[in-house]
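Report on the following structure.
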Amino acid sequence: MLFFTILHLTIGIIKYEMRCCSSSMDLSRIGLGLSLLALVSAVGSIAYVNQTLGGIPSQLSTIENNQKQSEQRLAAIEAAQKQTEQNIRGVAAATGVPLGETEALQRQIDFRKLITDAEREGKVVFYALSQDVPPALAKAFQSKYPKITVDYLGGHGATLAKKFRDETSAGVPSADVINLSADMPPLKKDGLLLKYSPPEVSIYPSELKDPDGYYASLRQTLTGVVAYNTKVIPKDQAPKTWDDLLDPKWKGKIGIPDGKLGGGNLVWLMARYVQLGENEATFKVWLQRFAANQPRIVSGGSGNIEPLLVVGEFPIAIANPHNIEQSKQQGAPVDWVPSIRAVKEVYWIGLSKTASHPNAAKLFLSWALGDEGQRVLAGINHIPSRPGIPPELKTLAGEGYAFISSEYRDSHDAQFRKLFEDIVLGQK
């Protein structure tokens with residue numbers, strides 16, 4: 001009887017708070033009301049369990065008694081879980097608040113708990129396929145959540161993926177959050193990722209998220225564009241098409257990433273292959289003519305090319321436009337050719353299944369895929385994946401780029417490594 005009296009009193013309190021806060025709802029008061037309802041329900045459940053336990057015949061053995069107690073405690077827990085869901089619906093019915101709003105309030109309560117748990121962990125470790133993305137995201141995230149430190153490492157995708165695998169296999173702390181491109185699906189296949197799809201992902205199109213909820217697109221980027229040193233080549237003399245690169249006047253003057261490493265260093269060639277209708281014979285003819293100009297191969301990832309272009313090591317290069325734009329903003333004599341359509345790549349982000357800081361990892365992932373994190377990426381000349389947030393650099397928008405999926409890269413990697421070694425390196 002006392003239980004139902006307290007229950008009616010609690011619902012009355014929530015009704016009163018709803019009337020008092022009609023236009024600007026006090027979430028903390030309603031959250032308190034929800035918590036009180038859950039507590040009242042739990043008290044009722046406990047009372048029920050105690051009454052049931054009291055009826056167990058005293059002649060049962062200690063083992064039988066303990067077994068039944070365990071079974072009934074489990075039933076009480078399951079009942080309490082169901083009651084929590086019913087409480088949300090009950091509050092909606094009792095107060096007149098639409099169910100959707102009540103569920104939204106519960107999500108906000110859960111999110112505040114996630115923040116508290118993340119701050120208690122105090123740190124998140126982030127591996128990213130980039131040199132500029134990790135510090136930009138870390139700075140903005142720590143500004144919003146100063147109690148959480150972001151330790152980050154940027155680098156080449158294949159190198160980071162191997163490091164993550166080796167550390168995970170050895171049982172030593174590794175990345176809590178990992179950002180890769182073609183190397184991400186294999187991590188999922190091998191059971192190294194945690195299934196987690198925050199609410200922010202719900203508006204992402206299907207091609208920008210894993211159908212099973214293990215990762216989503218942190219950003220997109222253009223790669224494999226033609227860049228040039230403006231001190232050496234005036235804008236009106238820069239190449240305008242891919243075939244312009246076949247002109248013998250560019251012999252020994254084009255810097256390209258080392259295709260022996262595979263992955264991102266080959267996607268510009270994959271894009272050219274797609275643009276030529278995936279006709280291998282046609283593509284080989286084009287690549288042989290390109291190789292005859294003896295391009296300069298730069299070791300490491302494509303990010304190593306731009307500094308050499310800036311200092312005039314070569315006047316033309318296959319590069320990433322966001323790196324070129326950053327150098328331009330700093331006064332470097334470089335530019336790129338938007339008319340030569342290259343490739344748009346997707347860079348995934350997901351959580352480690354063995355994350356040392358799981359709550360901080362979930363909070364970081366949710367933030368990075370939300371409005372704030374995506375606007376940070378737009379501000380450093382990347383293409384945000386979140387619908388409704390365009391890149392700040394207008395030349396990064398538009399159509400006409402070859403889209404190379406992670407699956408395509410993975411399935412064609414060996415083929416293009418061999419083409420690179422046989423044709424491009426074969427000219428050396």
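The values are calculated or read from the model by the stated rules, or taken from the named source; none is laboratory data. For clarity, every value in this text was computed on a predicted model and none was experimentally measured. Every residue, glycine among them, receives a Cβ derived from its backbone with ideal geometry; neighbour counts consider all protein chains shown.
Could you tell me which of the residues Asn293, Asn304, Asn323 is more than 18 Å from Gln415 (Cα to Cα), in a helix (DSSP H, G or I) and either in contact with a Gly (Cβ under 9 Å, 6 or more places away or on another chain) or among the charged types (D, E, K, R) (or both)?
Asn323
Tell me, please, whether a residue that is small (Gly, Ala, Ser) and at positive phi can be found in the stretch 304-314. Yes, because at least one residue in the stretch 304-314 is small (Gly, Ala, Ser) and at positive phi. Just one of (1) in a loop (DSSP other than H, G, I, E, B); (2) touching a Lys or Arg at 6+ places or on another chain (Cβ under 9 Å); (3) among the charged types (D, E, K, R) fails for Arg341. It is (2). Within the stretch 215-271, the set of residues being under 24 Å from the mean Cα position of the chain (by Cα) and among the aromatic types (Phe, Trp, Tyr) comprises Tyr215, Trp268. Kindly indicate whether any position in the stretch 365-376 is surrounded by fewer than 24 Cβ atoms within 10 Å (Cβ to Cβ), more than 21 Å from Ala118 (Cα to Cα), at pLDDT below 95 and not polar (S, T, N, Q). Taking every residue of the stretch 365-376 in turn, none turns out to be surrounded by fewer than 24 Cβ atoms within 10 Å (Cβ to Cβ), more than 21 Å from Ala118 (Cα to Cα), at pLDDT below 95 and not polar (S, T, N, Q). Flag set for Ala332, criterion: among the hydrophobic types (A, V, I, L, M, F, W, C), without any contact (Cβ under 8 Å) to a residue 60 or more places away in the chain, surrounded by fewer than 20 Cβ atoms within 10 Å (Cβ to Cβ) and over 30 Å from Arg112 (Cβ atoms). Take Glu200 and decide whether it is surrounded by 17 or more Cβ atoms within 10 Å (Cβ to Cβ) and among the charged types (D, E, K, R). In short, yes. Screening Lys188 against (1) among the basic types (Lys, Arg); (2) exposed (fewer than 15 other Cβ atoms within 10 Å of the Cβ); (3) over 26 Å from Gln108 (Cβ atoms) leaves a single unmet condition, (2).
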